[in-house]
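First up is the structure itself, then whatever we jot down about it.
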Amino acid sequence: MRCRATKRRWSVSRGCCPTPTVCSTGPDAPREETTTVAAPLPNTQQAMRRRNLSLVLHAVAARGPLSRAAVAGEVGLTRAAVSTLVDELIRDGLLVELGPSRPGTVGRPGSALQLDERGPAGLGAEIGVDRLAVCAVDLRGRIRARTEIAAANRDRAPEPVLGQLADLVRTVAADAEGAGLRPVGLTVAVPGLVARGSSLVVRAPNLGWESVDIGPGLRAELPDLPLTVGNEANLGALAELWRGGHDPELRDFVHVSAEIGIGAAVVLDGRLLRGTRGFAGELGHVPVRPEGPECPCGGRGCLERYAGEEAVLRASGLSPEQAAAEHPGPGGRIALLAVRAAAGDRRVRRALRDAGAALGIALAGTVNLLDPQKVVLGGALTPLAPWLLPVLERELGRRVADPARPGRETVTVSRLGAEGPLLGAAHSVVRAVLDDPAAFKDPGAAVGARGNRAVDTARRRS
Ligand SMILES: [Zn+2]
């Protein structure tokens with residue numbers, strides 16, 4: 001059986017459709033209102049309409065601009081049904097028609113549909129050890145406003161950090177509104193464990209935060225923005241999935257990222273593996289040498305003790321404190337290591353080789369356990385990839401059970417670099433809009449400028 005939306009082999013879990021939770025062919029499939037199955041309950045009809053709205057929006061997001069006929073072909077609904085859904089999405093300020101898409105062809109030309117660049121915007125924020133950053137992305141995934149400040153957040157009390165972050169969010173939200181956008185939500189990326197489905201930062205060792213619920217403070221400062229809080233490694237992996245520019249067939253991968261600590265996130269079947277409590281992916285505390293040095297987590301010989309930024313600085317003969325003072329700000333110490341390695345500093349190169357070996361040992365267990373298509377090296381690790389990769393790949397090649405799978409074919413380097421968590425945070429809001437557009441209606445979309453535009457569009461079609 002093939003998915004009517006994508007023509008791929010249908011699977012319950014594989015997410016063959018643009019909307020992972022909905023398949024136009026499977027048993028949970030949204031159907032046209034004219035389907036011959038038993039009359040659904042009113043709430044079921046409403047749920048079906050909402051899913052179909054999402055299908056249309058996802059199709060345009062993935063392959064737009066598209067004509068109504070092309071959308072109908074993509075989602076497997078009749079053209080009449082799609083037209084009704086499209087009209088609603090235009091009225092709600094989520095889609096626009098760009099005008100005739102095939103001028104000069106025989107018959108009435110279709111009008112190309114595109115996501116509305118003046119529609120809802122997702123706000124993403126990142127609380128880093130060295131910086132605070134906020135950005136706004138539109139429905140098409142473009143960054144429309146962004147700001148960043150250097151901030152020494154290590155061991156800083158949460159209240160001033162959150163106050164400063166809220167100021168930046170207000171600035172970016174105002175810039176987005178000035179560009180005609182409508183911010184509809186905020187996701188904050190933090191470098192620590194976040195309890196699943198909550199805003200509670202259970203532990204962020206590099207900030208010195210334990211059991212800090214950042215929700216109440218931020219909601220008090222930003223009462224109009226729905227708030228989500230996520231782990232930076234998880235959000236970096238989602239950015240990789242949505243915006244990494246990979247082959248769409250890349251659905252299973254392990255994303256490894258680093259700031260001060262080392263985190264990983266596992267994406268299986270296009271979905272993030274969160275774990276029972278939301279703590280999956282703590283690669284930095286996988287033991288590499290069981291009798292190795294003690295780790296603040298209570299274990300011994302954890303990966304972070306060999307491949308974390310401070311460990312690499314020390315192994316390079318550099319003081320982390322002095323390096324932080326002389327190279328402040330985001331990425332300063334990583335840039336220092338990269339410059340020295342590029343200049344041929346033997347001690348730095350040896351430290352990076354050892355870090356790559358430790359990463360390879362830790363990741364070999366993960367690859368053997370999960371059999372992912374790829375390991376993606378992202379975050380602050382990317383500038384050091386030229387020196388980490390050769391040894392990492394060699395260790396993987398030695399230790400992965402499948403002899404036909406050389407390490408170098410398993411590892412790839414992210415193009416998003418240190419921007420991943422921030423982009424993932426903002427895009428997670430946009431994905432929520434695409435997944436349920438009816439929940440993000442613009443109350444003013446049917447009147448004023450948007451109303452006029454809808455009328456103009458209707459005239460063009462008639
Ligand atoms: Zn540890």
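The values are calculated or read from the model by the stated rules, or taken from the named source; none is laboratory data. Keep in mind it's a predicted model, so treat the numbers as computed, not measured. Note that we place each Cβ from the backbone using ideal geometry, even for glycine, and neighbour counts take in every protein chain shown.
Return a yes/no flag: does the stretch 132-142 have any residue that is surrounded by 20 or more Cβ atoms within 10 Å (Cβ to Cβ), closer than 25 Å to residue 321 by Cβ and under 19 Å from the mean Cα position of the chain (by Cα). Yes, the conditions are met somewhere in the stretch 132-142. Scanning the stretch 261-280 for residues that are away from the ligand (no atom under 13 Å from the Cβ) and within 20 Å of residue 419 (Cβ to Cβ) returns 264, 265, 267, 272. Of the residues making up the stretch 288-299, those that are over 13 Å from residue 311 (Cβ atoms) and within 8 Å of the ligand (Cβ to nearest atom) are 297, 298, 299.
Cβ-Cβ below 6 Å, separation at least six or inter-chain, first residue in the stretch 352-374 and in the same structural domain as residue 284 (by TED's automatic domain parsing), second in a helix (DSSP H, G or I) and charged (D, E, K, R): which pairs? Once the first residue is in the same structural domain as residue 284 (by TED's automatic domain parsing) and sits in the stretch 352-374, its partners that are in a helix (DSSP H, G or I) and charged (D, E, K, R) give 357/395; 360/395; 361/395; 364/399. Evaluated against (1) under 28 Å from residue 246 (Cα atoms); (2) out of contact with any helix residue (DSSP H, G or I) (no Cβ under 7 Å at 6 or more places or on another chain); (3) outside any loop (DSSP other than H, G, I, E, B), residue 321 falls short on exactly one condition, (1). Per the listing 278, 292, 263, 244, the residue uniquely in contact with an Asp or Glu (Cβ under 9 Å, 6 or more places away or on another chain) and either touching a residue at least 60 places away in the same chain (Cβ under 8 Å) or small (Gly, Ala, Ser) (or both) is 263. Go over the candidates 292, 284, 236, 298 one by one and state the one that is closer than 21 Å to residue 199 by Cα and either in a strand (DSSP E or B) or not acidic (Asp, Glu) (or both). Every option except 236 fails the conditions.
Just to be sure before I move on: is residue 233 in contact with a Leu (Cβ under 8 Å, 6 or more places away or on another chain), among the hydrophobic types (A, V, I, L, M, F, W, C) and buried (at least 16 other Cβ atoms within 10 Å of the Cβ) in the structure I sent? Against the criterion (in contact with a Leu (Cβ under 8 Å, 6 or more places away or on another chain), among the hydrophobic types (A, V, I, L, M, F, W, C) and buried (at least 16 other Cβ atoms within 10 Å of the Cβ)), residue 233 does not qualify.
Residues that are under 18 Å from residue 58 (Cβ atoms) and assigned to a loop (DSSP other than H, G, I, E, B) within the stretch 251-281 comprise 251, 269, 270, listed in sequence order. Exactly one residue out of 283, 337, 318, 303 is within 27 Å of residue 410 (Cα to Cα) and more than 16 Å from the ligand (Cβ to nearest atom), and it is 337. Would you be able to say whether some residue in the stretch 242-260 is of a type in the set (Val, Ile, Thr), farther than 12 Å from residue 191 by Cα and within 16 Å of the ligand (Cβ to nearest atom)? Checking the stretch 242-260: at least one residue is of a type in the set (Val, Ile, Thr), farther than 12 Å from residue 191 by Cα and within 16 Å of the ligand (Cβ to nearest atom).
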